[in-house]
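Working notes, beginning with the structure itself.
The values are calculated or read from the model by the stated rules, or taken from the named source; none is laboratory data. Keep in mind that this is a model prediction, so the values were computed, not measured. Reconstructed Cβ throughout: ideal geometry from the backbone, glycine too, with neighbour counts over all protein chains shown. Only protein heavy atoms, including side chains, enter the accessible area calculation; ligands, DNA and RNA are left aside. Shrake-Rupley method; radii C 1.70, N 1.55, O 1.52, S 1.80 Å.
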Amino acid sequence: MKIDIPYSPVGEGQSSSNEFWMYVWTRRLATITAHVVALGFTILISLLSRPGTSFFSWHPVCMSISFCLCMTEGILLFSAESSPFCFKSRKGRVRLHWFLQALVVVGGATGVGFMVASKRVSERPHLASWHSVLGVGTLIVTALQTACGLRLLFPNMPLPAPSPPRLRLYHTTCGLLAYLLAVATVMLAMFTDWFQATVRGLLWYPVSLLPLLPALVVMNQIIRAYLPKKKIAI
């Protein structure tokens, strides 16, 4: 004897709701962890550098504050999950984004200045490692990203430019590329003689992987915000 059991969507709806909230809280936890890691890693590098002991000691401090902290926070403040500035309006967050990006440019230029001074004192050649070459590439892409942002900030400038949506896409793309290049540059710094002499043993491995977590969160945020959404006809 065959008994037909009527279909009830209640259980499926509850399961979908639970999966949705689990997904939301997982993203929120990942974003909070990215904030903590960005701040903690910057503090760690600043302590290891012992700023003031030499010209070079200021280079890791300036670069970590600029690219590991300010650039990360400048992107994550637009996160809908766990931005510490979620109470601010969109306009307020854009202004704060520009303030943090200005700190990135100023801090990056200062860090390069200390590195150049250190190379002159030690009489060592410039651009002698992949870390330094990739660092220069990061600065170039950061400058392009800043130029696109300036054009968005001042749309009435008498200069030829693409449409605002396309320019905003260029700005975001250059920003993501600059951030990924910065993360790669920081990770290459882990293989320099200075860092390997400072952080030894098994501690080197977890410390060298710390910049990856904020990078994954930033990539996920930008891709979700700008990935083209296809309309499906039902």
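Numbers below:
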| read-out | value |
| --- | --- |
| ³J(HN,Hα) computed for each position of segment 107-112 - Karplus, 6.51 cos²θ - 1.76 cosθ + 1.60, integer Hz, glycine/proline x | x, x, 5, 5, x, 5 |
| Residue-span extension gain [Ala102 to Ser122] - 0.36 nm each, minus C-alpha spacing | 4.2 nm |
| Projected-area average for segment 96-234 over all orientations - Cα convex hull basis, square nanometres | 12.7 nm² |
| Segment 138-202, Cα convex hull volume normalised per residue, Å³ | 93 Å³ |
| All-pairs Cα distance distribution in segment 101-174, expressed in whole percent, bin size 10 Å | 17, 38, 25, 15, 5 |
| In order through segment 131-145: 3J(HN,Hα) via Karplus (6.51 cos²θ - 1.76 cosθ + 1.60), integer Hz, x for Gly, Pro | 4, 6, 5, 5, x, 5, x, 4, 5, 5, 5, 4, 5, 5, 4 |
| Where Glu73, Glu123 fall by accessible area, highest first, once all protein chains stay in place (1.4 Å) | Glu123, Glu73 |
| Among Ala178, Leu103, Ala128 - extreme Cα towards positive end, dipole of segment 49-207, charges at beta-carbon | Leu103 |
| Per-residue ³J(HN,Hα) for segment 171-179, Karplus 6.51 cos²θ - 1.76 cosθ + 1.60, θ = phi - 60°, Hz, x for Gly and Pro | 4, 5, 5, 5, x, 5, 5, 4, 5 |
| Surrounding net charge for Phe78, when Lys and Arg each add one and Asp and Glu each subtract one, Cβ distance under 10 Å | +2 |
